[in-house]
Amino acid sequence: MESNAIRAIDPEIADLIAQEERRQRDVLRLIPSENYASAAVMAATGTCLTNKYSEGYPGKRYYQGQQYCDAIEQLAIDRARALFGADHANVQPYSGSPANLAVYFALLNAGDTLMGMALPHGGHLTHGWNVTISGKFYDVVQYGVRPTDHRIDLDQVARLARERRPKLIVCGASAYPRIIDFAAFAEIAREVGALLLADIAHIAGLVAGGAHPSPVPVADVVSTTTHKTLRGPRGGMILCKAEHAKAIDRAVFPGLQGGPHDHTTAAVAVALKEAASPDFGRYARAVVENAKALAERLMHHGFELVSGGTDNHLLLIDLSNKQVPGKVAAQALERAGIVCNANSVPFDTRKPFDPSGIRLGTPAITSRGMGIDEMRRLGDWVAAVVAAPDDAALLARIAAEVRSLCEQFPAPGL
Ligand code: DSN
């Protein structure tokens, strides 16, 4: 939906946006952390709210002129609490990484012990990985998956927790295709006197739509982004038990951030309203059904899936048996109109920038209305590309077929 206002001032940027829009229409977008926000969500981000400063919280602001921003933020908070059944919601984090940092700032002191899932096993940078502030400011202990079945090793989690007595345990992942047993994490946290943070950035939409168990009843704090399976604008959110509300709010503002992005807050409110509809529950279930169908088709073609399949929105494929590095596969797939990302697999022997795997997800293509038949076609295309990543004619033919499939399933919001 091109804006004439942008073209009038800056045709160069208008052209680039138009080309990106065409790209999003014409390709199969399989990066599991991406989606298509609705036209309503995108429209809310492009409003006059971008002009306002609202440091503070509804009813307690530092600047005047807040009658509408207060109402907008309160609606977003109320909808987040209702959708997830949370005592308290903070909708101001700029995205997932600052949301997690705010949680650490609220609950930990520098040097305290933080336990999270290792990045190469599917965790996230902000869960204590050594190159990040979370890895540098805290005494980090990392758990991972079992070599035998690639499931989170809860025995290891319990053993490490007993040995190291972390103040905070983080569960949640960026590249883990299975259900996370939040209740088991909560039990371990309780046993060792730790607090539990569940980072549901990837699966928030599945949780909201009832397609993945919710951590809200058992975790002290839940963090998320708003733009992945939840299908909102780029943003973050923290849900927590009432007893942590003050500390979380203080850590977000003034602890870590300045004024909230009110245009994003409005778009978050819109997305939360959309996510509360029965349609969204159907969407969340379809995301998982599609991921399972794609997994089955790929396994039928001899692909090795980390953990042997999926329970959620993503698939992690180890391409070692195909003798094609992840990056080569991802680049060839993009030439065929199928966009994913190269990804490390657990116990990878290759480097993170040139890993053994690829990560595929179904949130965006499911938002286009694609279903089981399209997943089978997609699995066949992926197999053909990985079998012949240098065959330019084949890649061009598949790209044309992908474009014609995309025309049958219009991209929402574009
Ligand atoms: N970059 C996100 C992802 O792709 O999973 C996580 O922050």
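Figures for the structure shown
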item	result
From L75, L16, residue being surrounded by fewer than 17 Cβ atoms within 10 Å (Cβ to Cβ), at pLDDT 95 or above and out of contact with any Phe, Trp or Tyr (no Cβ under 8 Å at 6 or more places or on another chain)	L16
Region 119-134 residues that are at positive phi and in contact (Cβ under 8 Å) with a residue 60 or more places away in the chain, paired with ones that are among the aliphatic types (A, V, I, L, M) and within 11 Å of the ligand (Cβ to nearest atom) (beta carbon under 8 Å, 6 or more apart)	G122/A173; G122/A175
Considering residues of region 120-144 that are open to solvent by less than 60 Å² (accessible area, probe 1.4 Å), touching a helix residue (DSSP H, G or I) at 6+ places or on another chain (Cβ under 9 Å) and within 14 Å of the ligand (Cβ to nearest atom) only, the residue nearest to I317 (Cα to Cα)	G122
Pick from region 384-400, criterion among the small types (G, A, S) and in contact with a Leu (Cβ under 7 Å, 6 or more places away or on another chain), ranking: surrounded by the most Cβ atoms within 10 Å (Cβ to Cβ)	A384
Unmet criterion (only one of (1) out of contact with any Cys (no Cβ under 9 Å at 6 or more places or on another chain); (2) crowded, with 24+ Cβ neighbours inside 10 Å; (3) under 24 Å from F280 (Cβ atoms); (4) not aliphatic (A, V, I, L, M)) for D199	(1)
Selection from region 351-370 of residues that are within 23 Å of E296 (Cα to Cα) and either more than 15 Å from the ligand (Cβ to nearest atom) or surrounded by fewer than 16 Cβ atoms within 10 Å (Cβ to Cβ) (or both)	S356, I365, T366, S367, R368, G369, M370
Residue among R178, R165 that is under 19 Å from the mean Cα position of the chain (by Cα) and among the basic types (K, R)	R178
Number of the exception - D348 against (1) open to solvent by less than 60 Å² (accessible area, probe 1.4 Å); (2) touching a residue at least 60 places away in the same chain (Cβ under 8 Å); (3) assigned to a helix (DSSP H, G or I)	(3)
Any chance L333 is more than 21 Å from the chain's Cα centre (by Cα) and under 21 Å from H202 (Cβ atoms)	yes
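Condition check ((1) open to solvent by 20 Å² or more (accessible area, probe 1.4 Å); (2) more than 16 Å from the ligand (Cβ to nearest atom); (3) touching a residue at least 60 places away in the same chain (Cβ under 8 Å)) across all residues:
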| residue | (1), (2), (3) |
| --- | --- |
| L154 | yes, yes, no |
| G172 | no, no, no |
| P177 | no, no, yes |
| V216 | no, yes, yes |
| P233 | no, no, yes |
| I238 | no, no, yes |
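The values are calculated or read from the model by the stated rules, or taken from the named source; none is laboratory data. Not measured: the values here are computed from a predicted model. FYI the Cβ positions are ideal-geometry reconstructions off the backbone, even for glycines, and counts take in every protein chain you see. Calculation scope for accessible area: heavy atoms of the full protein, side chains included, ligands and nucleic acids excluded. Shrake-Rupley method; radii C 1.70, N 1.55, O 1.52, S 1.80 Å.
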